[in-house]
Amino acid sequence: MRKQIVAANWKMNLTLDEGAELVNEIFKGLPVLSEEKQVVIAPPYLHITQTAAQLTGIIDVHLGAQNCHHEASGAYTGEVSAAMLKSAEVEYVIIGHSERREYFKEDNAMIAKKVNQALINGLKVIFCCGEPLEIRDAGTQNAYVEKQIREGIFHLSEIQLNEVVIAYEPIWAIGTGRTATSAQAQDMHAHIRSVVAAKYEHEAGDNMTILYGGSCKPSNAAELFACPDVDGGLIGGASLKATEFLGIVEAMAFA
Ligand code: 13P
């Protein structure tokens, strides 16, 4: 059975105290999750050691980071390597988020290098893809997302691919309040799964965890997660409030 995940991407929000408080609030309301279901929290780098300490001994909640550098080490002022993340007990790293692609000019080639760094260092990857509005309006979103996936992760072996989760995040739905309909999400997730199945074994497509991201909230999470190819969510704004985030985790718990 493939994994289901609800992952919090805090982006550049919350001070250390606010982050610690939020994690405590999440713990208080966390429902019991069956074995194949996980929560991931990806705070800013500065929070990571604090959050790691809070997560010690908590089985259902896993630690993530929002990015890593594409080289192993060296003179890259201000950057953080995959090895550093691993040494801080990080398990997942988000790579290729649309905000990094857009504001930090990360292209598919750089993203593929980041994926390699993450895997070499024993991290699992949450690989983000998703189209801008003009591509959706032109109806060419399937080809656009397929190219991101081909150039970002299709150089991996099937064994390496086991360590990758895909997050489909249509850019027009991120932080806009405009969620993809469950039909739009399901169509794209089924497409992504078929692309993976065609490149690798059929089983690799079946086993791939594919998350939806973009204005996911408690009021729409249950409907999205009920889609056969939607295996959970990558949550931005709604992950910053414990009640909202827990509402989404509950939707996964009962999906
Ligand atoms: P929102 O949930 O705020 O739309 O953000 C989604 C996202 O970008 C998660 O990575």
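Any idea which residue in region 162-172 is surrounded by the most Cβ atoms within 10 Å (Cβ to Cβ), counting only those that are free of Cβ contacts under 8 Å to residues at least 60 places away in the same chain and closer than 22 Å to VAL125 by Cβ?
For region 162-172, the residue satisfying everything is TYR168.
Of a type outside the set (Lys, Arg) and within 19 Å of LEU234 (Cα to Cα), is that true of ASP60?
yes
ALA75 is checked against (1) surrounded by fewer than 18 Cβ atoms within 10 Å (Cβ to Cβ); (2) of a type in the set (A, V, I, L, M, F, W, C); (3) touching a residue at least 24 places away in the same chain (Cβ under 8 Å); (4) not in a helix (DSSP H, G or I) and fails just one. What number does that condition carry?
Failing condition for ALA75: (3).
Consider only pairs whose beta carbons are under 7 Å apart and that are at least six residues apart or on different chains; among these, list those whose first residue lies in region 239-255 and is at pLDDT 95 or above and whose second residue is surrounded by 19 or more Cβ atoms within 10 Å (Cβ to Cβ) and of a type in the set (S, T, N, Q).
Final answer for the pair search is SER239/ASN9; PHE245/SER239; MET252/GLN4.
With the condition kept exactly as written, say whether any residue in region 205-218 is surrounded by fewer than 17 Cβ atoms within 10 Å (Cβ to Cβ) and away from the ligand (no atom under 15 Å from the Cβ).
Yes: one or more hits.
Would a scan of region 141-161 turn up a residue that is within 14 Å of the ligand (Cβ to nearest atom), buried (at least 22 other Cβ atoms within 10 Å of the Cβ) and more than 14 Å from LEU211 (Cβ to Cβ)? Before you say what the answer is, go through the steps one by one.
First pass over region 141-161, keeping only residues within 14 Å of the ligand (Cβ to nearest atom): none.
No, every residue in region 141-161 fails to be within 14 Å of the ligand (Cβ to nearest atom), buried (at least 22 other Cβ atoms within 10 Å of the Cβ) and more than 14 Å from LEU211 (Cβ to Cβ).
Counting only residues that are in a loop (DSSP other than H, G, I, E, B) and either surrounded by 20 or more Cβ atoms within 10 Å (Cβ to Cβ) or within 16 Å of the ligand (Cβ to nearest atom) (or both), how many does region 78-103 have?
3
Collect the residues in region 228-255 that are more than 14 Å from the ligand (Cβ to nearest atom), buried (at least 19 other Cβ atoms within 10 Å of the Cβ) and under 28 Å from LEU156 (Cα atoms), keeping them in residue-number order.
Within region 228-255, ASP229, VAL230, ASP231 meet the criteria.
Can you confirm whether region 109-120 contains a residue that is outside any helix (DSSP H, G or I) and either over 21 Å from LEU234 (Cα atoms) or not charged (D, E, K, R) (or both)?
No.
For region 173-187, enumerate the residues that are under 16 Å from the mean Cα position of the chain (by Cα) and either surrounded by 18 or more Cβ atoms within 10 Å (Cβ to Cβ) or more than 15 Å from the ligand (Cβ to nearest atom) (or both).
Listed by number, the residues that qualify are ALA173, ILE174, ALA185.
Hey, among GLU25, GLU18, which residue is touching a residue at least 40 places away in the same chain (Cβ under 8 Å), acidic (Asp, Glu) and outside any loop (DSSP other than H, G, I, E, B)?
Values: GLU18 fails: touching a residue at least 40 places away in the same chain (Cβ under 8 Å).
So the residue among GLU25, GLU18 that is touching a residue at least 40 places away in the same chain (Cβ under 8 Å), acidic (Asp, Glu) and outside any loop (DSSP other than H, G, I, E, B) is GLU25.
The values are calculated or read from the model by the stated rules, or taken from the named source; none is laboratory data. All figures in this text were calculated on a predicted structure; none of them were measured in a lab. All Cβ positions, glycine included, derive from the backbone under ideal geometry; neighbour counts span all protein chains shown.
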